[in-house]
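Student: The following block contains the structure, expressed as structure tokens.
The values are calculated or read from the model by the stated rules, or taken from the named source; none is laboratory data. Everything quoted here is computed from the prediction, not taken from an experiment. FYI the Cβ positions are ideal-geometry reconstructions off the backbone, even for glycines, and counts take in every protein chain you see.
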Amino acid sequence: MIPKAFFVTGGKAVSKVSQLNAFDLALKEAGIAQCNLVEVSSIIPPGCKEVEPQKIPIGAITYAVISKAEGTSGKISSGIAWGAEENHGYGVVAEAYGNTDEATIKKQIFGRLMEMAEIRGIKLTDVKHRIETLDVPENSYGCAVVALVYVL
């Protein structure tokens, strides 16, 4: 079971009811709320191609690298950076999240990604990233999600 493709998506949301509801709404905005998500670690298989976001059948077991920031006030950010080795080699994915701003998350994900590549002795090309940032209103629950979703 090796994925042939992946896409990256994200969403952010606020709920007055609960943190779980904010997460569910963020997944809905990202277009993956109907999936049974299974978190996986951060390796992109050789030859796995990036594609446009796709509609996934309701209830499908869906493998994803997920970055999720939650909070009840202030700024929250979540992000993922990814890249693959030249000549269709394998790649890596780094994620970061927290009660912080976009610039901090961007610095963290790129630092983590570069160290992951260095440890593996690979040179990444076409490095990309996605970050979701949200200012959570008082008396609310917020969630920002970014996911690299594998397509089997």
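Student: Can you name every residue in the stretch 85-106 that is crowded, with 17+ Cβ neighbours inside 10 Å and aromatic (Phe, Trp, Tyr)?
Tutor: Passing the criteria: only Tyr97.
Student: Which residues, counting only those in the stretch 18-56, are without any contact (Cβ under 8 Å) to a residue 12 or more places away in the chain and either among the basic types (Lys, Arg) or in a loop (DSSP other than H, G, I, E, B) (or both)?
Tutor: Ala33
Student: Okay, moving on. Which pairs turn up if I take residues in the stretch 93-119 that are within 17 Å of Ile66 (Cβ to Cβ) and look for partners that are acidic (Asp, Glu) with beta carbon separation below 7 Å, at least 6 apart in sequence or on another chain?
Tutor: Qualifying pairs under 7 Å: Ile109/Glu95.
Student: Could I ask something else about it? Find all pairs meeting these conditions: Cβ atoms under 7 angstrom apart; at least six residues apart or on different chains; first residue within the stretch 131-152 and at positive phi; second residue of a type in the set (A, V, I, L, M, F, W, C) and at pLDDT 95 or above.
Tutor: Listed by first residue and then by second, the contacts come to nothing, as the list is empty.
Student: Pairs only if they're at least six apart or on different chains, beta carbon under 8 angstrom, first in the stretch 67-82 and of a type in the set (Phe, Trp, Tyr), second at pLDDT 95 or above and not in a strand (DSSP E or B); list them, first residue then second.
Tutor: Trp82/Leu113
Student: Might you check whether a residue that is at pLDDT below 95 and among the polar types (S, T, N, Q) occurs anywhere in the stretch 101-119?
Tutor: The answer is no, given that none of the residues of the stretch 101-119 is at pLDDT below 95 and among the polar types (S, T, N, Q).
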